[in-house]
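Report on the following structure.
The values are calculated or read from the model by the stated rules, or taken from the named source; none is laboratory data. Everything quoted here is computed from the prediction, not taken from an experiment. Don't worry about glycine lacking a Cβ; one is built from the backbone with ideal geometry, like all the others, and counts go over all protein chains shown. Accessible surface areas use protein heavy atoms only, side chains included; no ligands, DNA or RNA. Shrake-Rupley method; radii C 1.70, N 1.55, O 1.52, S 1.80 Å.
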Amino acid sequence: MLAASRQAGAPRVWEDAVRVSPENPGRKTDNPSVLKIQLGLACNYTCSYCNQSSQVDSMAMTKTSDAISFLQDLDQWLKEPPSRIEFWGGEPLLYYKKLAILVPELDRRFPDAEFCMVTNGSLLTQEILDFIVRFDICVTVSHDGPGQHLRGEDPFDDPDRAALLKALWDDRKNGERMQFSSVLTPNNSDPAALRRWFVEKLGDASVVTSLEGVVATHDDKALAGPGVWNAAQYQSLRDAVASSFETGEALLIPALREKAKGLMQSILMGTPSSSMGQKCGMDRSDHVAVDLHSNVLTCHNTGANAQHGLGSALRMDEIRLDTSTHWAHRECCSHCPVLQLCGGSCMYLEGEQFAQSCENEYQFGLGVLDGTLRRAFGLKLESIEGDVRRPTRRKVISILAQV
């Protein structure tokens, strides 16, 4: 079974099988299925593990009027309507004036496109709530439940903000257009406990809580603190995730449910890992991230004024994704028993940042694998044999020696 999972990949059609690396750059298309619009990287929070903080200095500064220019540029390079349009910050609601220009016009041009946004929810007002409802924007609220202190203030502590979040949930839930999403960190790693926290806050057992995943290390700040786990914390993570499958809580958490479902499908179908892309999807040519100057970016978490600026969308045929490394070019990923569950971690991380992020994903993946075995077969994961290779960060090696 484990040998099968090592070879398996996600059961999806992956249009362009280019394994991107700096030496083998991918491309981007002018008819993307997913268009990610980065409004700017400014945020009113200073999360201790932010995956954008190291990129803020490379952000291209924009004005509200640039939203109009962006729409004009769009006519010149976008050839087909995208099926999904995502609005990203930083905190996107800091850029509400730009959203007020972009969203109505994009809705007029692309009435069948799905609109999505990830927000921390702290800037929600009645006006913004009405705007979200009017244009049927799918909303994910990033919030770590009992571990929210690692992000910043808790909007649920303010009665007015809490009421607005509750009102937004009550409106969006019937159309399945809202969820809360958390990051698993060393002292906040129980997905079932996270879900119960939100159920209590909203007084609704049907509240949808998911996971952004396990914490990654995108800068030295995360490497020095919340991104690093000890052996006992890794054990707690694995046990909590596996246990959530036994109790059934994992089946109520979309991220865990879909991971387990994809794993089982790939095993049953014998899907090869060669059909599998990065978990973020940004290795695909039809997933395009741009800022309001129409700069194409490695992903929405990066800025255009440094290495992750790939060029102008107005010259899309010149774009080369030479800033990232596909999992197929990483030795550890090609010899990993939970590759299908991880998807290669972040494709532009290197060195110690990648090694620590990879280890965190690996331990999380082991918990999901164990939980899937428990749920499907009543078996517990005891050991994994084979040529498993891991990154070589000194700190990670020290931790693993204790496991």
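Annotation for Leu123 and Phe135: the two label points, set 7 Å from Cα along the Cα-Cβ direction, are 1.4 nm apart. Per residue, the stretch 198-339 exposes 37 Å² of accessible surface when a 1.4 Å probe is rolled over the protein heavy atoms with every protein chain present. Give the cross-link partners of Lys79 among the lysines, using a straight C-alpha distance below 22 Å as the criterion and excluding same-chain residues fewer than 8 apart. Answer for Lys79, where 22 Å is the Cα cut-off: Lys28, Lys36, listed by chain and number.
Phi-derived couplings, Karplus 6.51 cos²θ - 1.76 cosθ + 1.60 at θ = phi - 60°, listed residue by residue for the stretch 220-235: 5, 4, 5, 5, 8, x, x, x, 10, 10, 9, 4, 5, 5, 4, 4 Hz, with x used for Gly and Pro.
The stretch between Val388 and Glu258, if pulled fully straight at 0.36 nm per residue, gains 44.4 nm over its current Cα-Cα span.
Rounded to the nearest 500, the helix-only mean residue ellipticity at 222 nm of the chain stands at -11000 deg cm²/dmol, with each DSSP H run of n ≥ 4 adding -39,500 (n - 2.57). In this view, the solvent-accessible surface of Arg161, computed with a 1.4 Å probe and all protein chains in place, comes to about 70 Å². Using alpha carbons only, how many angstrom separate the centre of the stretch 75-142 from the centre of the stretch 253-280? Their Cα centres are 29 Å away from one another.
Listed by chain and number, the lysines whose C-alpha is less than 21 Å from the C-alpha of Lys380, apart from same-chain residues fewer than 8 away, are Lys259, Lys261.
Using the Cβ-Cβ distance between Lys166 and Ser275 with R0 = 60 Å, the FRET efficiency computed as 1/(1 + (r/R0)^6) comes to roughly 0.90. For Ala289, the residues whose amide H sits under 5 Å from its own are Lys36, Leu297, ignoring neighbours fewer than 5 places away on the same chain, with H placed 1.01 Å from N. With r as the distance between the Cβ atoms of Val199 and Glu246 and R0 = 22 Å, compute the FRET efficiency 1/(1 + (r/R0)^6) and round to 0.05. The pair Glu246/Val199 has a calculated efficiency of 0.70.
Using the Cα gyration tensor of the chain, with a ≥ b ≥ c the square roots of its eigenvalues, what is the shape: rounded (a/c below 1.5), prolate (a/b larger than b/c) or oblate (neither)? Here the chain falls in the oblate category. Is the stretch 150-282 best put as rounded, prolate or oblate by its Cα gyration tensor, with a ≥ b ≥ c the root eigenvalues, rounded for a/c under 1.5, and otherwise prolate when a/b is larger than b/c, oblate when not? Since a/c reaches 1.5 but b/c is at least a/b, the shape of the stretch 150-282 is classed as oblate. Sequentially through the stretch 330-347, phi angles give Karplus couplings (6.51, -1.76, 1.60; θ = phi - 60°) of 10, 4, 5, 5, 6, 10, 10, x, 10, 3, 4, 7, 9, x, x, 6, 7, 6 Hz, Gly and Pro residues having no value and appearing as x. Among residues other than Arg196 with Cβ under 13 Å from its Cβ, the summed charge is -2 (Lys and Arg +1, Asp and Glu -1). Annotation: amide H-H contacts under 5 Å for Met178 (H modelled 1.01 Å from N, sequence separation of 5 or more, or interchain): Val139.
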